[in-house]
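J.: Before we start, here is the structure in question, set down as structure tokens.
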Amino acid sequence: MKNTQQLYKALSERILILDGAMGTMLQRYKFEEEDYRGERFKNWEHPVKGNNDLLSLTQPHAIEEVHKKYLEAGADIIETNTFSGTTIAMADYHMEDLVYDLNYESAKIARKACDEYTAKNPDKPRFVAGSIGPTNRTASLSPDVNDPGYRAITFEELRIAYKQQCEALLDGGSDILLVETIFDTLNAKAALFAIDEIQDERGIKIPIMVSGTITDASGRTLSGQTAEAFLISVSHLNLLSVGFNCALGANQLTPYLETLAHNSEFHVSAYPNAGLPNAFGKYDETPEDMAGQIREYAEKGLINIIGGCCGTTPEHIRAIADLVAGYPPRKVKEFV
């Protein structure tokens, strides 16, 4: 893939900045049902409000505007607006047939914004990461407490859904595929299997970022894995990076990043939430507070890629970018 060498070069020189939350920024637009529908889905039979991925088709200007705000704040890597872009997640809105379009158009919007900023400053190339969320089904756990052997989804169904999403993200211009917010490693392995199939079929090497989520103070993912077990489970592929995002604030994430940094031959990424949510589900941590906590990551040499998840804004990303500019990236063994 054409930007891969540039990407590895940038990673060897500095800590790269990932963008912040898309959902947090979209809330500011206060879009209503008719905004989500736009002209194209004016007569859709089912409610679509809350389907943020759909906004890439109906409000593309807003998606591009959010991307540009993060690029302006210093982001090197922009995530596509495709967190729920699988047939599995889109079934909630009866929009399974739109999956290719959603991912392709989302990648094109991000590509256009990144290319614009790279052209302004060729010494700071910007990259598109195709965002692949975990879906709303889990392959490892039963949703029925009375039937622990039951599964709402199979590995094969996940593989097919992820493959469709990944192909569209690549066709739309993604430089990286980011399998993120992993709460069930078996789901992630289905995504990685699909990506590996695409690598073989297209004869390309795709930079793959993998980011899990530690769900509570026990230090485990929802499906019960420790940070080290998670790392071992995904290390069969030659990944661009492995890391954690979401669920926790920067302070709480530190010990798990240390585990990855000390045991992984891949680059390490982190994009925590802006602290923990308050009683109303809002995130109160200021950009300065969050950047102050991330200083520890940089001082300990734990990270190669840093950004923000829930509650983070361009102001948070700017503060983080300013902070890590003075620190070298974590040293890794190069595979390229």
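The values are calculated or read from the model by the stated rules, or taken from the named source; none is laboratory data. Everything numeric in this text was worked out from a predicted model, so none of it was measured. All Cβ positions, even for glycine, are placed from backbone atoms using ideal geometry, and neighbour counts span all protein chains on display. What goes into the accessible areas is simple: the full protein's heavy atoms, side chains included, and nothing from ligands, DNA or RNA. Shrake-Rupley method; radii C 1.70, N 1.55, O 1.52, S 1.80 Å.
J.: For segment 289-336, enumerate the residues that are hydrophobic (A, V, I, L, M, F, W, C), outside any helix (DSSP H, G or I), under 21 Å from the mean Cα position of the chain (by Cα) and under 13 Å from Ser269 (Cβ atoms). Please lay out each step first, then the result.
T.: Narrowing segment 289-336 to residues hydrophobic (A, V, I, L, M, F, W, C): 290-291, 294, 298, 302-303, 305-306, 309-310, 317, 319-321, 323-325, 332, 335-336.
Filter once more, so that each one left must be outside any helix (DSSP H, G or I): 302-303, 305-306, 309-310, 325, 332, 335-336.
Now drop any that are not under 21 Å from the mean Cα position of the chain (by Cα), which leaves 302-303, 305-306, 309-310.
Within segment 289-336, Leu302, Ile303, Ile305, Ile306, Cys309 qualify.
J.: Still on this structure, please answer the following. Among the candidates Glu64, Glu45, Glu13, Glu79, single out the residue that is among the charged types (D, E, K, R), open to solvent by less than 30 Å² (accessible area, probe 1.4 Å) and either in contact (Cβ under 8 Å) with a residue 40 or more places away in the chain or more than 23 Å from Asp101 (Cβ to Cβ) (or both).
T.: Working: Glu64 fails: open to solvent by less than 30 Å² (accessible area, probe 1.4 Å); Glu45 fails: open to solvent by less than 30 Å² (accessible area, probe 1.4 Å); Glu13 fails: open to solvent by less than 30 Å² (accessible area, probe 1.4 Å).
Sole residue among the options that is among the charged types (D, E, K, R), open to solvent by less than 30 Å² (accessible area, probe 1.4 Å) and either in contact (Cβ under 8 Å) with a residue 40 or more places away in the chain or more than 23 Å from Asp101 (Cβ to Cβ) (or both): Glu79.
J.: Any idea which of (1) without any contact (Cβ under 8 Å) to a residue 12 or more places away in the chain; (2) of a type outside the set (Gly, Ala, Ser); (3) closer than 19 Å to Met25 by Cα is the one Asp97 doesn't satisfy?
T.: (3)
J.: Only one residue in Asp147, Asp101 is acidic (Asp, Glu) and either at pLDDT 85 or above or touching a helix residue (DSSP H, G or I) at 6+ places or on another chain (Cβ under 7 Å) (or both), so which one is that?
T.: Numbers: Asp147 fails: either at pLDDT 85 or above or touching a helix residue (DSSP H, G or I) at 6+ places or on another chain (Cβ under 7 Å) (or both).
Being acidic (Asp, Glu) and either at pLDDT 85 or above or touching a helix residue (DSSP H, G or I) at 6+ places or on another chain (Cβ under 7 Å) (or both) holds for just one of Asp147, Asp101, which is Asp101.
J.: Conditions: (1) over 26 Å from Asp19 (Cα atoms); (2) part of a loop (DSSP other than H, G, I, E, B). Glu156 meets all but one. Number of the miss?
T.: All conditions pass for Glu156, except number (2).
J.: Restricting to segment 18-31, give me the number of residues that are over 25 Å from Glu167 (Cα atoms), surrounded by 20 or more Cβ atoms within 10 Å (Cβ to Cβ) and either among the acidic types (Asp, Glu) or touching an Asp or Glu at 6+ places or on another chain (Cβ under 9 Å) (or both).
T.: Adding up the residues that qualify gives 1.
J.: Here's a follow-up. How do the helices (runs of 4 or more DSSP H) wholly within segment 19-85 filter down when requiring 1 or more residues that are modelled with pLDDT of 95 or more, polar (S, T, N, Q) and under 22 Å from the mean Cα position of the chain (by Cα): which remain?
T.: 22-27, 55-58
J.: So is Ala229 part of a helix (DSSP H, G or I) and at pLDDT below 95 or not?
T.: Numbers: part of a helix (DSSP H, G or I): yes; at pLDDT below 95: yes.
Yes; evaluated as a whole, the condition is true for this residue.
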